[in-house]
Amino acid sequence: MNELVTTAAPAAIGPYAQGILAGDTVYVSGQLGADAATGELASTDTAQLAQALANAEAVLAAAGLSRTDIVKVTLYVTDMGRFAALNDVYGAFFAGHRPARSAVEVAALPKGAAVEVDVIAVRRA
């Protein structure tokens, strides 16, 4: 197993890796919608989702993978009432690629975030 580290995504805020490469599979830890340089969250939930997805993609890039290699996404949201707006951002990011997905409403997220995303990707043969 190899730990993935990139400055193109926010550094881990705890004792965990940004991502792990295990064989041909990459596991990306939960990504918030925070700017990698400043650590500041985007101002809206939809902007946070767009940034969180971009952050996950940056971790994948450290292993030579991209969004089209993602096979599973877990989306954590603090307000399921915003699901339709978030789903629009999600759909635009993947633009036809349709990984498996779970969406879970949670009471709270680190740093007061509205969304968090983790992904699993597999290197294509």
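At a glance:
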read-out: Any chance residue 14 is in a loop (DSSP other than H, G, I, E, B) and either at pLDDT below 95 or among the hydrophobic types (A, V, I, L, M, F, W, C) (or both); value: yes
read-out: When residues of segment 89-103 are limited to those that are at pLDDT 95 or above and of a type in the set (Gly, Ala, Ser), the one surrounded by the fewest Cβ atoms within 10 Å (Cβ to Cβ); value: 95
read-out: Unique match (being of a type in the set (Asp, Glu) and within 13 Å of the chain's Cα centre (by Cα)) among 35, 24, 88, 45; value: 35
read-out: Residue pairs meeting the criteria (Cβ under 7 Å; at least 6 apart or on separate chains; first under 18 Å from residue 109 (Cα atoms), in segment 1-30; second at pLDDT below 95 and surrounded by 13 or more Cβ atoms within 10 Å (Cβ to Cβ)); value: 18/12; 29/12
read-out: Among the candidates 100, 62, 34, residue that is more than 15 Å from residue 119 (Cβ to Cβ) and in contact (Cβ under 8 Å) with a residue 24 or more places away in the chain; value: 34
read-out: Among residues of segment 18-62, those that are buried (at least 16 other Cβ atoms within 10 Å of the Cβ), among the β-branched types (Val, Ile, Thr) and under 18 Å from residue 88 (Cβ atoms), counted; value: 1
read-out: Matching option when the condition is in contact with a Phe, Trp or Tyr (Cβ under 9 Å, 6 or more places away or on another chain) and of a type in the set (D, E, K, R), among 82, 101; value: 101
read-out: Matching entry among 71, 89, 26, 59 (being closer than 30 Å to residue 125 by Cβ, part of a helix (DSSP H, G or I) and of a type in the set (Val, Ile, Thr)); value: 59
read-out: In segment 75-86, residue nearest to residue 107 (Cα to Cα) [restricted to those that are in a helix (DSSP H, G or I) and out of contact with any Leu (no Cβ under 7 Å at 6 or more places or on another chain)]; value: 80
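To keep it simple, each residue is scored yes or no on (1) small (Gly, Ala, Ser); (2) out of contact with any Gly (no Cβ under 7 Å at 6 or more places or on another chain); (3) under 24 Å from residue 38 (Cα atoms).
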{"residue": "55", "(1), (2), (3)": "no, yes, yes"}
{"residue": "59", "(1), (2), (3)": "no, no, yes"}
{"residue": "65", "(1), (2), (3)": "no, yes, no"}
{"residue": "71", "(1), (2), (3)": "no, yes, no"}
{"residue": "81", "(1), (2), (3)": "yes, yes, no"}
{"residue": "88", "(1), (2), (3)": "no, yes, no"}
{"residue": "95", "(1), (2), (3)": "yes, yes, no"}
{"residue": "110", "(1), (2), (3)": "no, yes, yes"}
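The values are calculated or read from the model by the stated rules, or taken from the named source; none is laboratory data. None of these values were measured; they are calculated from a predicted model. Neighbour counts run over all protein chains shown; Cβ positions are idealised from the backbone, glycine included.
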